[in-house]
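FYI, it's all coordinate maths here, none of it is from the lab. This is a predicted model, so every value here is computed, not measured. Here the Cβ is made from the backbone with ideal geometry for all residues, glycine too, and neighbour counts use every protein chain on show.
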Amino acid sequence: MADLRDRLAAQAEHAAGAARAPGPAATLRRARGRRRRRLGGRVALSLLLVAGLGGLTSRLLEGREPASPPQTTTPAQRQAAPLWTAEGAASELMAPRDRTQAAAGDLVVAATGFGPEGRTRAYDPRSGRQRWAHRTGPNAFVVAAGGGLAVAAPQYGPLIGLDLATGEERWRFELAEGQGPESGTIAGDTLFIGTSFPSEGAVDPPIVYALDLASGRERWRAVLDPGTDLQWAAPVVGGGQVLVADTLSHEGSAPTSHLHALDADTGRRRWRADLHAPGQGFFAEGPVVSEGLAYVAATSGMLLAVDTRTGREVWRDQGGFPLVAGVWDGLVIALVGGDRLVGFDAATGARRWQTPVGRGESEQWAVLDGDAVLVTGDGAVVAADAATGAARWRAPVGDAVGPPVAAGERVYVATQDRLVAIDRASGTTVWGSARVRPVAAPLVTSGRVVVATRDGTLLGFAP
């Protein structure tokens, strides 16, 4: 088991930089292990290829290319020690993006991930004191948090609604045998969540549910296309509809992948858009919606703009496996081909600017932070101007294991061996922890920076 976890962790750290050669369908264990990895951050998008995809392709970018960013080489001002330590909070996390922790209210909720213990716990982020614990079941994950509830689930369900204040089980929603939940979205008094049947060779269609948040009662369900699984991303809810994307269950199980728009009140499918992706692959974040368009990264390497009213494709770019940071002032900003940040005209798809950021060996993230874009890669964090692409600073911190998190005057980055705080304006390193081996982006809440480590420990730092 330890060897398997190490192999999966190594694959996760390198998957965004290289495509997998075509091969057979993933085994049940490997498919569920991969699909449980979740990327933190607001709109960062990460592609992990499982089967059926060829090599990465890229092309020369058009338009103006800003100069390389200045590099900040100032060493850490101090070595920060954690204010508190909670051992065994998440057990042996399987990979850098297991869906095992979330900030909700004044708590950090942590689940044990892949492992037989199967517990979900809540901690006070200020002191690290455990508030409550729930025996969720083997392979426990947090699928949603908000509205006074933490929704947890074993690998194949059921969904369990836990009172955030007490950990008391308020409801339980059973799933069919072999049916596994993905990430959910809480909007108002409703939980929207997708499920798939990911076992090897299965072609059962994914199902999206709308559940009453207070009671767990089903309001509607929408059955999608046979031969597909849902993407890792949580449903995107807005404008009276719910957007979810699928991928092939295995090579040849369906003609292509689609983006589906479901009516938020009834679950009726309004439209579906072809993503031109005949291979299997999973993204950890959903489409970015702005001004009536949904911007979707496809496993074919395309960036697509889709009309949210009709599902009509408005434009596409084939520059190579985009990671969408967000939309700012009429620009869609994405990391393209693994080494360049590109500003696209949101209405037409024309490339307005480009900035080289370096590819590196580790997985990469791009996060919109106000009028700046934070990009990880090549052992550094780069801050680029969202309007022009001009680089503001470059901070060498090491290979990141999650997206940078901006809060207050700091940008926090979890690397393979430490947690680093960077000055948000200058890119100067403010402090770094001792070797702690983080596994995911930190959570910043209640005046603390909380990070999980590979041995299942939660650490709380002062900002």
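Of the GluC sites (Glu not before Pro) in the stretch 280-358, the ones in a loop by DSSP (not H, G, I, E or B) with at most 10 other beta carbons within 10 Å are 291. Extent along the principal axes, Cα only, for the stretch 232-277: 33, 19, 15 Å, with the longest axis given first.
Charge dipole of the stretch 324-463 (Cα centre as origin; +1 on each Lys and Arg Cβ, -1 on each Asp and Glu Cβ, all else neutral): 200 debye, rounded to the nearest 20. Converting the Cα gyration tensor eigenvalues of the stretch 362-456 into ellipsoid dimensions via √(5λ) gives semi-axes, longest first, of 21, 14, 11 Å.
Can you give the charge dipole size of the stretch 246-363 about its Cα centre, rounded to the nearest 20 debye, using +1 on the beta carbon of Lys and Arg and -1 on the beta carbon of Asp and Glu? Please report the intermediate quantities before stating the final value.
On the way: 11 positive and 15 negative charges, 56 e Å.
Magnitude of the dipole: close to 260 debye.
Orientation-averaged projection of the stretch 291-444 equals 9.0 nm² [convex hull of Cα atoms, one quarter of hull surface area]. If one puts a single equal scatterer on every Cα of the stretch 202-287 and applies the Debye formula without solvent, what log₁₀ I(q)/I(0) results at q = 0.24 Å⁻¹? Treating every Cα as an identical point scatterer, log10 I(q)/I(0) equals -1.20. On the basis of the beta-carbon distance and an R0 of 45 Å, residue 219 and residue 290 show a calculated FRET efficiency of 0.95.
Please work out the Kirkwood hydrodynamic radius for the stretch 99-227, using every pair of different C-alpha atoms, and report it in angstroms with one decimal place. Please report the intermediate quantities before stating the final value.
Numbers: mean 1/r = 0.0679 Å⁻¹.
One over the average 1/r among Cα pairs gives 14.7 Å for the stretch 99-227.
Net charge dipole, the stretch 125-216: roughly 560 debye, given to the nearest 20, about the Cα centre with Cβ charges of +1 for Lys and Arg and -1 for Asp and Glu.
Note on the stretch 226-333: percent of Cα-Cα distances in each 10 Å bin, starting at 0 and stopping at the bin with the largest distance, equals 16, 50, 31, 3, 0.
In terms of Cα atoms, the Rg and Dmax of the stretch 340-388 work out to 11.2, 34 Å.
For residue 441, the residues whose amide H sits under 5 Å from its own are 40, ignoring neighbours fewer than 5 places away on the same chain, with H placed 1.01 Å from N. Across the stretch 252-257, rounded Karplus estimates of 3J(HN,Hα) from the backbone phi angles (6.51 cos²θ - 1.76 cosθ + 1.60, θ = phi - 60°) give x, 6, 7, x, 6, 9 Hz, Gly and Pro being marked x.
Mean shadow of the stretch 166-234, computed from the convex hull of its alpha carbons, in nm²? Don't skip to the end; give the middle numbers.
On the way: hull surface 20.6 nm².
Dividing the Cα hull surface by four gives the mean projection, 5.2 nm².
I need the P(r) histogram for the stretch 301-341: all alpha carbon pairs, bin width 10 Å from 0 out to the longest distance, whole percents. Over the stretch 301-341, the share of Cα pairs per 10 Å bin runs 29, 52, 18, 1 percent.
Using the number of other C-beta atoms within 10 angstrom as an exposure proxy, rank 189, 399 with the fewest first.
Values: 189 12, 399 19.
Exposure proxy ranking, most exposed first: 189, 399.
When 190, 256, 112 are sorted by how many other C-beta atoms sit within 10 angstrom of their C-beta, beginning with the fewest, the order is 256, 190, 112.
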